[in-house]
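Below you'll find the structure, written out as structure tokens, and then a few comments.
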Amino acid sequence: MNVSRSDQAAPAAAPGVAPVVAQQPEVASAEAAAAPRGGLRARLGPVGLVLAGGISVQFGGAVAVSVMPRVGALGIVTLRLAFAALVLLAVCRPKLRGHSRADWGTVVAFGVVMAGMNGLFYQSVARIPMGPAVTLEVLGPLALSVIASRRAVNLIWAGLALCGVFLLGGGGFSGLDPAGVAYALGAGAMWAAYIVFSARTGRRFPQADGLALAMVVAAVVFLPLGIVESGAKLVEPGTLALGAVVAVMSSVLPYTLELLALRRLPAHTFAILMSLEPAIASVAGFLVLSQALSIAEALAISLVIAASMGAVRTQVGRGGGRRRADAKAVRKTEG
């Protein structure tokens, strides 16, 4: 899977504001970093959005695991997507008119991908622990980062992160349930597709309108599966309350934050940052599900953090190099 620069999200004009010429995310980030005020904030802002989204989704996933005995994996996914769709529709109030057929095709594809990613992942954590499940799932974004990157140094960071995720899995996954492993790998493939379609949706729709519409698609796709598995259990008051919490933590907050981040962050850098997810999942599992961390898992966390920091530093350095080259060209022209 290859992601061209044109496939990445471009800033969208707010409703009622005259549109501006769309800039490539890397150029926009470089210009923001060159501003005399707020330069550091402009560079680190998208990174903070991704990290906040990762913390929210993994702790929400830990809560969801505790709810599974009530409604099953498909039931909790149904509640998560349904509540998330309702919240996003109420907040965003997206316009249904004025969109092209290509816009709607992107939204539908994005919604189907979200439904598949959520369904496969929760089928996985119903069979294997959260740490190994997320470790396997993150291989999808890591593969995307290697394929999409045009710089050799990103292969080093991706390789370092890959070593970390395998170490986090105990050096191998032979002792895990084969079906759980297969579901996690499938979720990873959907995660890579999610990155692509999230960027495209952010370019075609203002604010989070596209995300809200795609979430409705995902909820409609998954509703029959949840009804078949859980039936009347889905509408029990306690289950509904927990489902709402999972929806906000695992869907509304992280998807919105990641969509906003992809408007200013290249897709391959975003994908490498996703290698932090196994570490966050392990911490969430320890705090919520009492899953202890071993020395090997702690070392794995250090590896993936180092890889992510290296990827961010590489991207910032690339922007600085571009700005220096641009300044040199300006000086030459003026001279």
- Please report, as a whole percent, how much of the solvent-accessible surface of the range 161-266 comes from carbon and sulfur atoms (probe radius 1.4 Å). 74
- Message: Please compute the length gained on full extension between V235 and S302, using 0.36 nm multiplied by the number of residues separating them and subtracting their Cα-Cα distance.
- Response: 19.9 nm
- Item | Shape category assigned to the range 131-258 from the gyration tensor of Cα positions, a/c cut at 1.5 | oblate
- Sites L89 and A179 - FRET efficiency at Förster radius 35 Å, r taken between beta-carbons, to 0.05: 0.50
- Query: Per residue, how many Å² of accessible area does the range 37-162 show with a 1.4 Å probe?
  - Reply: 42
- Task: Can you bin the range 51-131 into rounded, prolate or oblate? Criterion: square roots of the alpha carbon gyration tensor eigenvalues sorted a ≥ b ≥ c, rounded for a/c under 1.5, prolate for a/b above b/c, oblate for the rest.
- Result: prolate
- With all protein chains present, how much of the accessible area of the range 76-148 (probe radius 1.4 Å) comes from carbon and sulfur, to the nearest whole percent? 66
- Query: Tell me, what is the per residue accessible area of the range 180-245 in Å², probe radius 1.4 Å?
  - Reply: 39
- Ranked highest first by the average count of other Cβ atoms within 10 Å around their residues, in what order do 248-258, 224-234, 51-61 fall? 248-258, 51-61, 224-234
- Can you list which of the trypsin sites (Lys or Arg not before Pro) found in the range 45-96 are DSSP loop residues with at most 15 other C-beta atoms within 10 Å? K95
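The values are calculated or read from the model by the stated rules, or taken from the named source; none is laboratory data. If you're wondering where the values come from, they're calculated on a predicted model, not measured in any experiment. Reconstructed Cβ throughout: ideal geometry from the backbone, glycine too, with neighbour counts over all protein chains shown. With ligands, DNA and RNA removed, areas are computed over all heavy atoms of the protein, side chains included. Shrake-Rupley method; radii C 1.70, N 1.55, O 1.52, S 1.80 Å.
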